[in-house]
Amino acid sequence: MDLPAGIGAALAFVLGAIVGSFVTAVAYRVPREMSIALPRSFCESCERSLPIWANVPILAYLGLRGRCVMCGAPIPFRNFLAELGLAVAALYLYLTFPPGSAIARFMLCAALFAIALIDYDWRIIPNAITLPGIVVGLASAALLMSDEVGWRSALLGILLGTGVLFLTGYLYELVRGREGVGMGDVWLLAMVGAFLGWPGVVFTLFFGSLLGAVGGLAMALTGGRRAQAPVADPSADLPETDVSILRTEIPFGPFLSLAAGSYALFQPQLMHWYLGG
Ligand SMILES: [Zn+2]
């Protein structure tokens, strides 16, 4: 593992970009129940296979100015963002944490990125990512991050994450008479707990709820009414002031993912800041 620092950093960046490209493929294919492996990369507009060189992460997007080489349709900007974002994350983790810890944190970040994209698009969080994620996270906490997390904290994190969100969802349904927290969110937080231990769950819950409240308020004020009952519905003649966050279905996953990802990347700084050291 004694790579010259420059080469190791470059490798981390390239590997991060490749995983970022893979994450966009997962986010596109998993909800459509397509295979991850086949067919190989294709344009989402013309559905033709891309030549090998057009698959090079980051560079292909820049070289083609964000357009499909065959049909000229715009390539989603977020694909570029995922490639660049995970490349920078991998580089930063490589330079900041011990190798095992960096790998574990990166795996979590990649899974969170895919989940955020899928939940934003489809309002679902696939068990196909979270359930294996819980197992991988627990193994990582015990083997790769035994000093920082360890299996006890990971198990507590799984229990805390599952318990708190499950209870919240149960109470919400009791009060509002409809599902407010999906089981997808529950398993997502369990996965976060498995990787980061119980303090990671506490941070993700608080910071994620804060982000969700701000984001939900923004959505309720801008586009929230579209998500509400159609005008023909007799229950729709509610007072105008009832545009509440609770009535607007917002995807919680992207906010939880952002909070958990922040913790995975900046845990030392956050602890330092929180403890006022
Ligand atoms: Zn195309």
Counted residues, the stretch 112-142 - those being over 11 Å from Phe195 (Cα atoms) and assigned to a helix (DSSP H, G or I): 17
Output the residues belonging to the stretch 10-38 that are in contact with a helix residue (DSSP H, G or I) (Cβ under 7 Å, 6 or more places away or on another chain), open to solvent by 60 Å² or more (accessible area, probe 1.4 Å) and either within 14 Å of the ligand (Cβ to nearest atom) or assigned to a helix (DSSP H, G or I) (or both). Phe13, Leu15
Which of the residues that make up the stretch 39-73 are in contact with a strand residue (DSSP E or B) (Cβ under 8 Å, 6 or more places away or on another chain), free of Cβ contacts under 8 Å to residues at least 12 places away in the same chain and either within 12 Å of the ligand (Cβ to nearest atom) or outside any loop (DSSP other than H, G, I, E, B) (or both)? Phe42, Ser49, Arg67
Hey, Arg78 of a type in the set (D, E, K, R) and within 15 Å of the ligand (Cβ to nearest atom) or not: no
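The values are calculated or read from the model by the stated rules, or taken from the named source; none is laboratory data. The structure displayed is predicted, hence computed values, not measured ones. Heads up, the Cβs are rebuilt from the backbone with ideal geometry, glycines too, and the neighbour counts pull from every protein chain shown. Accessible surface areas use protein heavy atoms only, side chains included; no ligands, DNA or RNA. Shrake-Rupley method; radii C 1.70, N 1.55, O 1.52, S 1.80 Å.
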